[in-house]
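Before any comments, here is the structure.
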Amino acid sequence: MASEQQARPVVVPTTVKILIAGGFGAGKTTMVGSVSEIMPLHTEEVLTSASMDSDDVSGVEGKTSTTIAMDFGRIYLRDDLVLYLFGTPGQDRFWFLWDELALGALGAVVLADSRRLADCFPSIDYFEQRGTPFLVAVNKFHGEEPFGVNAVRTALNLDPGVPVISCDARDSMSGREVLISLIEHVRSRVN
């Protein structure tokens, strides 16, 4: 009976900050929302005619809102590991927020839209310049994958050690696999 009354040890999880970055309309808000185990925080605002000169919507013409500060979500990968997800804004007019968002981040996911692959370069450059471990996750829009991961790796001219994987930002299991791959990538760089 004494063993039944013993309390399970309290597990204090390790908390890790992860950035979800990429170009305008790549699926960052969608990914944070699909994997988060809490109601995600979104700082979305409606796109207006005032932003037409600064926001290139070619390829994402149906987009009606944009992140103006960040997205935030949380996911437990294990009882002892919790990830805090911070989705960055995609347009360059909001890049002044990135340094604050990146402070203390263990790693980053660069979400790529293969229809607008060049939009990844600012995120990749940012993380390479700071030595932040990252991977590229090619988001399959509507289940389409017009370019395979090897073609994307070549087009982005990535170092061989940077993982490139495909994902569907709308699918929580796919997003979870991306996050697990990032954690494994970070661990491999430490060992």
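The values are calculated or read from the model by the stated rules, or taken from the named source; none is laboratory data. Please read these numbers as outputs of a predicted model, since none were measured by experiment. All Cβ positions, even for glycine, are placed from backbone atoms using ideal geometry, and neighbour counts span all protein chains on display.
Structure notes:
This table checks each residue for (1) within 19 Å of Leu41 (Cα to Cα); (2) buried (at least 19 other Cβ atoms within 10 Å of the Cβ); (3) of a type in the set (Lys, Arg).
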residue	(1), (2), (3)
Tyr76	yes, no, no
Ala105	yes, yes, no
Val110	no, yes, no
Asp113	no, yes, no
Ser123	no, yes, no
Ala137	no, yes, no
Ile180	no, no, no
Ser188	no, no, no
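- For region 1-29, filtered to residues that are buried (at least 18 other Cβ atoms within 10 Å of the Cβ) and out of contact with any strand residue (DSSP E or B) (no Cβ under 6 Å at 6 or more places or on another chain), the residue that is modelled with the highest pLDDT is Gly23.
- Hits in region 126-135 (condition: under 18 Å from Pro160 (Cβ atoms) and surrounded by fewer than 16 Cβ atoms within 10 Å (Cβ to Cβ)): Glu128, Gly131
- Search result, residues across region 139-160 that are farther than 21 Å from Val35 by Cα, of a type outside the set (Asp, Glu) and surrounded by fewer than 14 Cβ atoms within 10 Å (Cβ to Cβ): Pro146, Gly148, Asn150, Thr154, Asn157, Pro160
- Within region 152-161, not a single residue is under 18 Å from Asp125 (Cβ atoms), under 15 Å from the mean Cα position of the chain (by Cα) and not aliphatic (A, V, I, L, M).
- Scanning region 30-85 for residues that are at pLDDT 90 or above and polar (S, T, N, Q) returns Thr30, Ser34, Ser36.
- Residues that are crowded, with 16+ Cβ neighbours inside 10 Å and in a helix (DSSP H, G or I), drawn from region 161-176: Ser172, Ser174, Gly175, Arg176
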